[in-house]
Amino acid sequence: MTFELSRRTVVGMAAWSVPVIASAVAAPALAASGDTVAFAPSVVFAPSGAQEFTVAGTAPGASRVALVYPAGFGGPSEVDVTDGAFALPLRCPVGSASGVVTATAAGLGAGSLVVTVQPGGQDTGSITWTNDSVTGTSRTLPALTGSISTRGSFLPDVQLSYPAGFTGPATAVVSWTSGSGTAASIGTFSVRGVTVDAGATSGTIVVSPADFQGQVVYTPAAATLAVTQV
């Protein structure tokens, strides 16, 4: 199956270009000793056919970052750094491949991004709460945690919906970690600040993947958390 993934600020998709090897660029001499260029995440699994996606990174004190790509991969020779952060649109081969992208900036240690393009096929994933239910004893619920995983793609953040009488954040950030097998990408999330109005006694909070355009089939598509207020 061919994936046609859309552009996102941190997880975006676009088109092709040839690999580029770049030279280092100057950076202000304000970086602290020991600082390095870093990618987040530093290990990426992408499904075959995902021709381009964008990876976030940091380069403290730098104005630009230079990139060196492995064979078959490509992208811009340099990217701008704004407030210590940058975004790299990385182009990948269609078939299976792997390699290491190196990022450099003067005054900083080099950073590396390990990329693996996996064989094609529908990307699948799962999303779940840590617990199926929670009992609240005050009008502010304790932190509600859960996890999300996919076979090969980047992880989206999660979105939430609440029953009548409950309020809380509309989204939650997912913290990424490397996995293996059918859960090559694993992430956890924590939802804080959920409040319950006076008189509300129970309800169900629903969490689902945010803005992934159906490129990943999640089973279940959303996770429910039963809340009882006492």
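The values are calculated or read from the model by the stated rules, or taken from the named source; none is laboratory data. Everything numeric here is computed off the predicted structure, so don't read it as measured data. A quick note on method: Cβ atoms are made from the backbone with ideal geometry, for glycine too, and the neighbour counts reach across all protein chains shown.
Results, tabulated for the structure shown:
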{"read-out": "Only one of F45, F73, F53 that is in contact with a Phe, Trp or Tyr (Cβ under 7 Å, 6 or more places away or on another chain) and either modelled with pLDDT under 85 or surrounded by 20 or more Cβ atoms within 10 Å (Cβ to Cβ) (or both)", "value": "F53"}
{"read-out": "Number of the exception - G61 against (1) modelled with pLDDT of 90 or more; (2) touching a strand residue (DSSP E or B) at 6+ places or on another chain (Cβ under 7 Å); (3) small (G, A, S)", "value": "(2)"}
{"read-out": "Residues (in a strand (DSSP E or B) and within 30 Å of S96 (Cα to Cα)) located in the stretch 150-175", "value": "T150, V158, S175"}
{"read-out": "Selection status of T228, modelled with pLDDT of 90 or more, more than 28 Å from F39 (Cα to Cα) and surrounded by fewer than 18 Cβ atoms within 10 Å (Cβ to Cβ)", "value": "yes"}
{"read-out": "Boolean, D83 is at pLDDT 90 or above, out of contact with any strand residue (DSSP E or B) (no Cβ under 7 Å at 6 or more places or on another chain) and among the charged types (D, E, K, R)", "value": "yes"}
{"read-out": "Qualifying strands (runs of 3 or more DSSP E) (wholly inside the stretch 75-149; at least 2 residues being without any contact (Cβ under 8 Å) to a residue 40 or more places away in the chain and either among the hydrophobic types (A, V, I, L, M, F, W, C) or under 30 Å from L225 (Cβ atoms) (or both))", "value": "85-91, 97-104"}
